[in-house]
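Presented below is the structure to which this report refers.
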Amino acid sequence: MSNNLIVGFSGNISRPSSTRRFVEHVTESLAHRAGLQHKVFDVEDLGASLATARSVADLDGQARGIVQTIIEADALVIGSPTYKGSYAGLFKHVIDLLDPADLRGKPVILTATGGGDRHSLVVEHQLRPLFAFFEAFVVPTAIYASGRDRIDGRLSPAILSRADQAVAEAALLLDSRQSTTAIAAE
Ligand SMILES: Cc1cc2nc3c(=O)[nH]c(=O)nc-3n(C[C@H](O)[C@H](O)[C@H](O)COP(=O)(O)O)c2cc1C
């Protein structure tokens, strides 16, 4: 079932957040290109019940609603700040609450931010295997933005161009999902 909704989820645990801004940019671009609605959430939005939750049922109503919206999205734009060479711990805690089948076949764009260039492969070595576990359709282009790529809150032309490439790939997947659904309904 399609909700005609692109959902961005950012692993930032404080605000303002460069990761959230980056996820917002990519989510808006994909929604615009696909002609769909969009929503963006971050770990902060899940609130206090997240830290003690051991399953989705332990979350409060708002946090449960956000997790459900992520599960039901037509496509996801995922982002995390790089912490100690990997994704943020609380971001992983949200993902750990999902059922292994929740993201199967879902188009996903992966993004991350970091202070420097040293951990730029976090998108390939940490985030991509995580979403492979869920059998999601992760697009080939993943985007890492370091501090040098974000000057005064503006993304560099190189990062904007890679984001466009990832969006084009996700739009292709969204198109083929719609045709598959149409064929299945015949
Ligand atoms: C606890 C912590 C660990 C970090 N570890 C790394 C790291 O290993 N590599 C890196 O490039 N940046 C690291 N950073 C910098 C953040 O990844 C970077 O500032 C990020 O863009 C912050 O995103 P945000 O504005 O969404 O919070 C770390 C920052 C914090 C607070």
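The values are calculated or read from the model by the stated rules, or taken from the named source; none is laboratory data. Since we're looking at a predicted model, the values are computed, not measured. As a convention, Cβ positions derive from the backbone with ideal geometry for all residues, glycine included, and neighbour counts pool all protein chains shown.
List of remarks:
- Checked against (1) away from the ligand (no atom under 16 Å from the Cβ); (2) in a helix (DSSP H, G or I); (3) farther than 14 Å from Ala142 by Cα, Leu130 meets all criteria but (3).
- All helices (runs of 4 or more DSSP H) inside the stretch 17-111 with 2 or more residues being within 16 Å of the ligand (Cβ to nearest atom) and either touching a Pro at 6+ places or on another chain (Cβ under 9 Å) or more than 25 Å from Leu121 (Cβ to Cβ) (or both): 18-34, 43-46
Quick grid of which residues meet (1) on the phi < 0 side of the Ramachandran plot; (2) out of contact with any Gly (no Cβ under 6 Å at 6 or more places or on another chain); (3) modelled with pLDDT of 95 or more; (4) among the β-branched types (Val, Ile, Thr):
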position: Leu90; (1), (2), (3), (4): yes, yes, yes, no
position: Ile95; (1), (2), (3), (4): yes, yes, yes, yes
position: Leu130; (1), (2), (3), (4): yes, yes, yes, no
position: Val138; (1), (2), (3), (4): yes, yes, yes, yes
position: Ile143; (1), (2), (3), (4): yes, yes, yes, yes
position: Ser161; (1), (2), (3), (4): yes, yes, yes, no
position: Ser176; (1), (2), (3), (4): yes, yes, no, no
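- Residue match in the stretch 3-12 (condition: at positive phi, at pLDDT 95 or above and either buried (at least 24 other Cβ atoms within 10 Å of the Cβ) or within 16 Å of the ligand (Cβ to nearest atom) (or both)): no
- Enumeration of residues in the stretch 111-134 that are without any contact (Cβ under 8 Å) to a residue 40 or more places away in the chain, surrounded by 14 or more Cβ atoms within 10 Å (Cβ to Cβ) and under 25 Å from Asp175 (Cβ atoms): Val123, Arg128, Phe134
- In the stretch 138-158, the residue that is nearest to the ligand (Cβ to nearest atom) out of those that are among the hydrophobic types (A, V, I, L, M, F, W, C) and in contact with a Ser or Thr (Cβ under 8 Å, 6 or more places away or on another chain) is Ala145.
- Total residues in the stretch 142-156 satisfying the condition of being surrounded by fewer than 18 Cβ atoms within 10 Å (Cβ to Cβ) and either of a type in the set (S, T, N, Q) or within 14 Å of the chain's Cα centre (by Cα) (or both): the figure is 1.
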